[in-house]
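Encoded as structure tokens, the structure appears first; notes follow it.
The values are calculated or read from the model by the stated rules, or taken from the named source; none is laboratory data. Because the structure is a prediction, the values reported are computed rather than measured. Backbone-built Cβ (ideal geometry, glycine too); neighbour counts: all protein chains shown.
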Amino acid sequence: MRFIASISRMNDSDVVAGTLHSQVLDALGTAIVDEELTSADSLTIDDLEQRYSASRSVVRESIRVLESMGMVRARRRVGVEILPSTEWSSFDARLIHWRLASKNRAEQLRNLVELRRAVEPEAARLAAMRIGPAAAGELVGRAARVWAAGTSGNMEDFVTQDVEFHRLIMTESGNDMFGKLSSLIGEVISGRAAYGLMPHSHSPYGLQLHLDVANAIQSRNSAGAAQALLEIIDLTQEEIKKISEGELTGNDALAQH
């Protein structure tokens, strides 16, 4: 109730300030990722105020967030230093979002798909060993909704259902560290759709694989679950490659919210 009450007390200026902070943070983060701003640039708070037409407090808060992500370092009497990408928090969902929106989108997608390949089949294997009956039933139902959305051609619904399907697998693995990676999986799926890197029409084979994963997990077939999940990721990798090379028609890019 305290949380609800605190929201009710927010005034318009609070909302505007939050929106401005998000806008400046996104703009600054994207500029760094796209190398519009580099370590060679000498930046001050005053420079950034003018660049983004924002107040000092909004710029300072954005810098604090970027510092926490390892992307910049603010030094007194020196200014804002942009750090090498090797220092960045690569698993931060905001950074992944900015990279997917950047000119290096293909590289980020490749990295994320490779991460999925290393992690998700094992998560499916563990889920088959540890999932409870209720969650297993939910997973099977979610796979059916993925199938329905994929066959209907409703891309937005497909993305929603697919993100939730893979999130369930990661969380039901029983490994908290895998569960924390579920947001990254969601970024891969959402990013593909947002930038036209999903097939215009989903293959029945790929949709069936989702049902195969869910049924294998429900029936405690850990090897079958891992193999079917691996085939989903291999298919994803192949689709991205073919769309990028013009061999396959991608979906109409979804508007990002």
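For the stretch 121-139, which residues satisfy the criterion of being buried (at least 19 other Cβ atoms within 10 Å of the Cβ) and in a helix (DSSP H, G or I)? Explain how you work it out, then say what you get.
Narrowing the stretch 121-139 to residues buried (at least 19 other Cβ atoms within 10 Å of the Cβ): 121, 123-128, 131, 136, 139.
Passing the criteria: 121, 123, 124, 125, 126, 127, 128, 136, 139.
Can you name the helices (runs of 4 or more DSSP H) wholly within the stretch 163-239 that have at least 2 residues being in contact with a helix residue (DSSP H, G or I) (Cβ under 6 Å, 6 or more places away or on another chain) and modelled with pLDDT under 90?
Numbers: elements: 176-180, 182-194, 204-218.
Here the list reads 182-194.
If I go through the stretch 208-220 residue by residue, how many of them are buried (at least 21 other Cβ atoms within 10 Å of the Cβ) and either outside the structural domain of residue 165 (by TED's automatic domain parsing) or closer than 16 Å to residue 158 by Cα (or both)? Talk me through it step by step, then tell me what you get.
Keep residues of the stretch 208-220 that are buried (at least 21 other Cβ atoms within 10 Å of the Cβ), which gives 209-210, 213-214, 216-217.
From what's left, either outside the structural domain of residue 165 (by TED's automatic domain parsing) or closer than 16 Å to residue 158 by Cα (or both): 209-210.
The qualifying residues number 2.
How many residues are surrounded by 15 or more Cβ atoms within 10 Å (Cβ to Cβ) and small (Gly, Ala, Ser) if we restrict to the stretch 145-164?
2
Which one of the conditions (1) within 21 Å of the chain's Cα centre (by Cα); (2) among the aliphatic types (A, V, I, L, M); (3) surrounded by fewer than 16 Cβ atoms within 10 Å (Cβ to Cβ) does residue 223 fail to meet, given that it meets all the rest?
If we test residue 223 against (1) within 21 Å of the chain's Cα centre (by Cα); (2) among the aliphatic types (A, V, I, L, M); (3) surrounded by fewer than 16 Cβ atoms within 10 Å (Cβ to Cβ), just (1) comes out false.
Within the stretch 113-135, which residues are at pLDDT 90 or above and either more than 13 Å from residue 222 (Cβ to Cβ) or among the hydroxyl-bearing types (Ser, Thr, Tyr) (or both)?
114, 115, 116, 117, 118, 119, 120, 132, 133, 134, 135 - these are the residues of the stretch 113-135 that are at pLDDT 90 or above and either more than 13 Å from residue 222 (Cβ to Cβ) or among the hydroxyl-bearing types (Ser, Thr, Tyr) (or both).
Taking residue 184 as the residue in question, decide whether it is in contact with a Leu (Cβ under 7 Å, 6 or more places away or on another chain) and either hydrophobic (A, V, I, L, M, F, W, C) or closer than 28 Å to residue 104 by Cβ (or both).
Details: in contact with a Leu (Cβ under 7 Å, 6 or more places away or on another chain): yes; either hydrophobic (A, V, I, L, M, F, W, C) or closer than 28 Å to residue 104 by Cβ (or both): yes.
So residue 184 fits the description; yes.
Return the residue satisfying two criteria in turn: it lies in the stretch 33-66 and is part of a helix (DSSP H, G or I) and in contact with a strand residue (DSSP E or B) (Cβ under 6 Å, 6 or more places away or on another chain), and of such residues it is farthest from residue 93 (Cα to Cα).
My answer is 63.
Cβ contacts < 6 Å: first residue over 15 Å from residue 132 (Cβ atoms), restricted to the stretch 153-181; second residue assigned to a helix (DSSP H, G or I) and among the aromatic types (Phe, Trp, Tyr), any location; separation 6+ or different chain. Result?
Final answer for the pair search is 170/178.
Can you tell me which residues in the stretch 188-218 are touching a residue at least 60 places away in the same chain (Cβ under 8 Å) and among the β-branched types (Val, Ile, Thr)?
188, 213, 217
Return yes when residue 140 is more than 19 Å from the chain's Cα centre (by Cα), among the hydrophobic types (A, V, I, L, M, F, W, C) and modelled with pLDDT under 90 and no when it is not. Show your work before the answer.
Values: more than 19 Å from the chain's Cα centre (by Cα): yes; among the hydrophobic types (A, V, I, L, M, F, W, C): yes; modelled with pLDDT under 90: no.
In short, no.
Return yes when residue 88 is without any contact (Cβ under 8 Å) to a residue 40 or more places away in the chain, among the aromatic types (Phe, Trp, Tyr) and surrounded by 16 or more Cβ atoms within 10 Å (Cβ to Cβ) and no when it is not. So that I can check it myself, show each step before the final result.
On the way: without any contact (Cβ under 8 Å) to a residue 40 or more places away in the chain: yes; among the aromatic types (Phe, Trp, Tyr): yes; surrounded by 16 or more Cβ atoms within 10 Å (Cβ to Cβ): yes.
Judged against the criteria, residue 88 is a match.
Tell me yes or no: at least one residue of the stretch 72-83 is in the same structural domain as residue 164 (by TED's automatic domain parsing), of a type outside the set (Gly, Ala, Ser), touching a residue at least 40 places away in the same chain (Cβ under 8 Å) and out of contact with any Gly (no Cβ under 9 Å at 6 or more places or on another chain).
No.
Which residue out of 194, 225 is assigned by TED's automatic domain parsing to the domain that holds residue 111, out of contact with any Pro (no Cβ under 6 Å at 6 or more places or on another chain) and over 25 Å from residue 247 (Cβ atoms)?
After applying the criteria, what remains is 225.
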